[in-house]
There are 2 protein chains.
Amino acid sequence: MPDAADPASMNARRKFRREGEERRRQDLIDATLDSVAEHGLEGATLRTIALRAGVTAGLIRHYFPGKEDLLQEAYAALMGRMTEQAKAALAMEDASPRQRLAAFVTANLDAPIIDQRVFSLWATFIGRAGADPTLARAHREGYLGFRNEVEAVVAEVLAAERRKPDAAELRHHAIAINAIIDGLWIEGCLAGEMFSPGELAAIGIKAVEAELGLAPLELKGGNQ
Amino acid sequence: MPDAADPASMNARRKFRREGEERRRQDLIDATLDSVAEHGLEGATLRTIALRAGVTAGLIRHYFPGKEDLLQEAYAALMGRMTEQAKAALAMEDASPRQRLAAFVTANLDAPIIDQRVFSLWATFIGRAGADPTLARAHREGYLGFRNEVEAVVAEVLAAERRKPDAAELRHHAIAINAIIDGLWIEGCLAGEMFSPGELAAIGIKAVEAELGLAPLELKGGNQ
DNA sequence: GGCGTTGTTGTGCAAGTGTATAAATAGCCT
DNA sequence: AGGCTATTTATACACTTGCACAACAACGCC
């Protein structure tokens, strides 16, 4: 049967609903991140993004001046979510510095931070940091913010141990711990099924405590 | 003066030289890596690549079935060079295991391994590992090979200290050390000017030796 | 030197890209 | 209910992309 048999299907303009501006922008940004994660920057076309967001391509221009702006806002949104989640783990007020550091490491090495999709997005965007100064600065700020958080907790941990590290020592610890977390994060994202649940976090905590020269905790199950 | 005044410029076909097959393929691969590093996967078009290689776009089809194959070979070449350089540092025959481990860490955290261009390439390609099984497998193999190398050296280092780690312990050490190197590598590539020369390597060696529980070496300059 | 092979160029093409803009309609105000 | 306006669709357009192919010329061989 030809389509012409159905009068409703002829020249039928697509039905649509008007969403609030904030909601639409958020949907478009999410659709952009999905597209980039799945097809890379090259495959994230306006039509692909629009399809995923359930709208037509022309609408994007109504909310964003151009594709570049959309990508920029999408990257900013991604970074915002990542750092927000990471820092949230440090918020525990009623815990010893050492416990907070361990919680921080664990939070960064378990779901939902260990996530292949997020990693793909991070890698895709960061790969352009060398050529795009805007991206480079955004990364630098996020990195330094993260490292400063680490440095602050390290200072508390060592203070609780009655040790008085100088600034250089503190900085080196923060750099090393940051590297441990980043490195394990990558390993987990890229080959998550090679590690049992919690294994990466355990490795991370042990490595961080070794870096800080903390004596192993006495566990009730005995020590080695 | 119109161009027509110069007979040589009318219908002047471009001069060219015939290069050997291997040479041309290598040039095209290098041009591809350059293009990807500079403009990302999206900006690495056949015409851009050809321009950089000093040929015209049509020639690429003579050496590669399609663009995808060219990218694949370029990625393989990149990985090959990276792992080759990394492993070379382990080849020192007449050195103690601990020295070889330190040399390995240093080799991975100084030029030419610390390089923004290489990092951009790595990130750009690895970002697609989640969607491209071929890339994912290539990475996995490279990663496991690297980690096995680390594990072997670690075993030697610990054996020299008369320690007998079990397999799980060894594996964990290798994972952690791999993470330390990767993490510091990223920090160095993305913000190299924030670190003084050799600083990252020093941080890396200290972190790795802490992870393995090695007593600090007695230096002639005194110890802290 | 002439000739054949084939590496190399140049052109063409269909598909897809981002952007511009006109036409339509959903939802609110009165 | 009826009109207003901003959101949304749909179409058009200039441009780029990867790929196909025919013409050409550099180089080895006789």
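Pairs linking a residue in region B:191-212 that is of a type in the set (D, E, K, R) to a residue that is modelled with pLDDT of 95 or more and not in a helix (DSSP H, G or I), with Cβ atoms under 8 Å and 6 or more positions apart or on different chains, do not occur.
In region A:106-118, is there at least one residue being among the polar types (S, T, N, Q), surrounded by 21 or more Cβ atoms within 10 Å (Cβ to Cβ) and more than 12 Å from the chain's Cα centre (by Cα)? Scanning region A:106-118 turns up no residue that is among the polar types (S, T, N, Q), surrounded by 21 or more Cβ atoms within 10 Å (Cβ to Cβ) and more than 12 Å from the chain's Cα centre (by Cα).
Hey, any hits in region B:99-115 for a residue that's acidic (Asp, Glu) and out of contact with any helix residue (DSSP H, G or I) (no Cβ under 8 Å at 6 or more places or on another chain)? No, the conditions are met nowhere in region B:99-115.
Considering (1) more than 14 Å from chain B (Cβ to nearest Cβ); (2) within 12 Å of DNA strand D (Cβ to nearest atom); (3) hydrophobic (A, V, I, L, M, F, W, C), the lone condition that A:Met92 does not fulfil carries the number (2). Of the residues making up region B:118-165, those that are more than 11 Å from chain A (Cβ to nearest Cβ) and among the β-branched types (Val, Ile, Thr) are B:Thr134, B:Val150, B:Val153, B:Val154, B:Val157. Would you say A:Ala31 is assigned to a helix (DSSP H, G or I) and either in contact (Cβ under 8 Å) with a residue 24 or more places away in the chain or over 20 Å from the mean Cα position of the chain (by Cα) (or both)? The answer is no for A:Ala31. Looking at A:Ala131, A:Ala123, just one residue is over 18 Å from A:Leu101 (Cα atoms), in contact with a His (Cβ under 9 Å, 6 or more places away or on another chain) and among the hydrophobic types (A, V, I, L, M, F, W, C), and that residue is A:Ala131. Among the residues making up region A:60-109, those that are under 20 Å from A:His39 (Cβ atoms) and in a helix (DSSP H, G or I) are A:Ile60, A:Lys67, A:Glu68, A:Asp69, A:Leu70, A:Leu71, A:Gln72, A:Glu73, A:Ala74, A:Tyr75, A:Ala77, A:Leu78. Of the residues B:Leu28, B:Leu33, the single one that is more than 12 Å from DNA strand C (Cβ to nearest atom), at pLDDT 95 or above, within 30 Å of B:Asp110 (Cα to Cα) and of a type outside the set (Lys, Arg) is B:Leu33.
Against the condition of a type in the set (Ser, Thr, Tyr), assigned to a loop (DSSP other than H, G, I, E, B) and more than 8 Å from DNA strand C (Cβ to nearest atom), how does A:Thr56 come out, does it pass? Here the answer is yes, as A:Thr56 does meet what is asked. Residue count for region A:17-40 satisfying the condition of being touching a Leu at 6+ places or on another chain (Cβ under 9 Å) and within 7 Å of DNA strand D (Cβ to nearest atom): 1. In region B:145-163 there is no residue matching the filter, namely being modelled with pLDDT under 95, closer than 30 Å to A:Ser35 by Cα and surrounded by fewer than 17 Cβ atoms within 10 Å (Cβ to Cβ).
Restricting attention to region B:119-130, the residues that are more than 11 Å from the chain's Cα centre (by Cα) and within 16 Å of B:Gly40 (Cα to Cα) total 6. Looking only at residues in region B:59-88 that are among the aliphatic types (A, V, I, L, M) and within 12 Å of DNA strand C (Cβ to nearest atom), the one that is surrounded by the most Cβ atoms within 10 Å (Cβ to Cβ) is B:Ile60. Among residues of region B:41-69 that are within 14 Å of another protein chain (Cβ to nearest Cβ) and within 8 Å of DNA strand D (Cβ to nearest atom), those with a beta-carbon under 9 Å from a residue that is assigned to a loop (DSSP other than H, G, I, E, B) and among the hydroxyl-bearing types (Ser, Thr, Tyr) at least six positions away or on a different chain give the pairs B:Lys67/B:Thr45. Total residues in region A:49-101 satisfying the condition of being within 23 Å of the chain's Cα centre (by Cα), β-branched (Val, Ile, Thr) and at pLDDT 95 or above: the figure is 1.
Taken over region B:175-208, the residue count meeting the criterion of being facing chain A (nearest Cβ under 7 Å) and small (Gly, Ala, Ser) is 5. Just to be sure, is B:Arg137 within 30 Å of A:Ala44 (Cα to Cα) and modelled with pLDDT under 95? Here the answer is yes, as B:Arg137 does meet what is asked. Kindly establish whether B:Leu46 is within 23 Å of B:Leu121 (Cα to Cα), of a type in the set (A, V, I, L, M, F, W, C) and away from DNA strand C (no atom under 12 Å from the Cβ). No, not satisfied. Counting only residues that are assigned to a helix (DSSP H, G or I) and crowded, with 19+ Cβ neighbours inside 10 Å, region A:119-137 holds 9 of them. Checked against (1) in contact (Cβ under 8 Å) with a residue 24 or more places away in the chain; (2) more than 14 Å from every other protein chain (Cβ to nearest Cβ); (3) charged (D, E, K, R), B:Asp115 passes all but condition (2).
The values are calculated or read from the model by the stated rules, or taken from the named source; none is laboratory data. Note that the structure is a prediction, hence the values are computed from the model and not measured. Virtual Cβ from ideal backbone geometry, glycine too; neighbours counted across all protein chains shown.
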